[in-house]
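Below: one structure, written as structure tokens.
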């Protein structure tokens, strides 16, 4: 598969009261959820555009009819979502279009126009690949600042983050993380996944039928093609699943990479985070076989594929 050179710059709580009197004494501080829930409507994310800082859950309800993901990243000081769309997203789509047509020289020339601040984008996780009907959920510690939640999966050669109407966003969702701390505690987990330059290690716990919270320790990190790093995307392995195709599908860089429809049912995960960071994701699993893969070239050959079994209850 021929690759094209591209520097992609391109990731609620209910309270109630009762009639009972409060006990005497100092009130006990209780950790609160700090959740931003987004819906997928067409090729757009919709929902609140601010969230408090600290431990933060990004939840994406995907009922949009196709596979999506939600990379979360922080913008450098002075860079706006409009700048990102105009100077990065649109040129990347033009480069992709040229590559699909076989004009790799033009594709490379367009990708070379990326602004220098692309290198200062900081990937901070976000929900991984999720097929239609899946709710993706990832929890990260977010400092105050301006962020983007983005999906760049491709359909018919067009990235989901691209909107052909000038000044209109595709799946590029500006998010402001406020200075006020959300008061959320770091999650508990029943599985710990350690990520190194050599691949995955299920270091503690085991996946179970039903709800799972996975702690992901990014012990080591590196960039591939000046863009993506180690991450984790979970897919179901059925009898007719082409495991090699599914493991390779999240690699963006082949022309047909991340092209819908996906070759397997993806049920969630978490995007790349900086070395030393810890993030969490939730997945609802039925009994059966599953795989974890990464959005990097040659994931399976590089050790970034692992298979696990969820037993029946």
task: Determine whether region 286-296 contains at least one residue that is outside any strand (DSSP E or B), within 19 Å of residue 63 (Cα to Cα) and touching a strand residue (DSSP E or B) at 6+ places or on another chain (Cβ under 7 Å).
output: no
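In region 297-313, what count of residues is obtained for those that are assigned to a strand (DSSP E or B) and over 18 Å from the mean Cα position of the chain (by Cα)? Step through it out loud before you land on a result.
The first filter runs over region 297-313 and keeps only residues assigned to a strand (DSSP E or B), leaving 305-310.
Those still in the list that are over 18 Å from the mean Cα position of the chain (by Cα) too: 306-310.
So the answer is 5.
Against the condition surrounded by 11 or more Cβ atoms within 10 Å (Cβ to Cβ), at pLDDT 95 or above, under 21 Å from the mean Cα position of the chain (by Cα) and part of a loop (DSSP other than H, G, I, E, B), how does residue 33 come out, does it pass? Can you show your working first?
Numbers: surrounded by 11 or more Cβ atoms within 10 Å (Cβ to Cβ): yes; at pLDDT 95 or above: no; under 21 Å from the mean Cα position of the chain (by Cα): yes; part of a loop (DSSP other than H, G, I, E, B): yes.
Judged against the criteria, residue 33 is not a match.
It is to be established whether one or more residues within region 271-282 are assigned to a strand (DSSP E or B), over 13 Å from the mean Cα position of the chain (by Cα), at pLDDT 95 or above and buried (at least 17 other Cβ atoms within 10 Å of the Cβ). Working first, answer last.
Of all residues in region 271-282, those assigned to a strand (DSSP E or B) come to 278-282.
Adding the requirement that they be over 13 Å from the mean Cα position of the chain (by Cα) leaves 278.
Now drop any that are not at pLDDT 95 or above, which leaves 278.
If we keep only those that are buried (at least 17 other Cβ atoms within 10 Å of the Cβ) too, we end up with 278.
The answer is yes, given that some residue of region 271-282 is assigned to a strand (DSSP E or B), over 13 Å from the mean Cα position of the chain (by Cα), at pLDDT 95 or above and buried (at least 17 other Cβ atoms within 10 Å of the Cβ).
Taking region 240-255 as the search range and keeping residues that are out of contact with any helix residue (DSSP H, G or I) (no Cβ under 9 Å at 6 or more places or on another chain) and in a loop (DSSP other than H, G, I, E, B), which one is farthest from residue 283 (Cα to Cα)?
Per the stated criteria, the residue is 253.
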statement: Residues of region 240-262 being farther than 17 Å from residue 97 by Cα, under 19 Å from the mean Cα position of the chain (by Cα) and surrounded by fewer than 18 Cβ atoms within 10 Å (Cβ to Cβ), in sequence order, are 261
query: Of all residues in region 182-239, how many are out of contact with any helix residue (DSSP H, G or I) (no Cβ under 7 Å at 6 or more places or on another chain), assigned to a strand (DSSP E or B) and surrounded by 14 or more Cβ atoms within 10 Å (Cβ to Cβ)?
result: 24
task: Go through region 155-181 and give me each residue that's surrounded by 21 or more Cβ atoms within 10 Å (Cβ to Cβ) and assigned to a loop (DSSP other than H, G, I, E, B).
output: 160, 161, 162, 169, 170, 171
message: Can you pull out every residue in region 36-68 that is over 17 Å from the mean Cα position of the chain (by Cα) and either crowded, with 23+ Cβ neighbours inside 10 Å or closer than 14 Å to residue 182 by Cβ (or both)?
response: 48, 50, 51, 52, 53, 54
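The values are calculated or read from the model by the stated rules, or taken from the named source; none is laboratory data. This is a predicted model, so every value here is computed, not measured. Methodologically, a virtual Cβ is constructed for each residue, glycine included, from the backbone with ideal geometry; neighbour enumeration extends over all protein chains shown.
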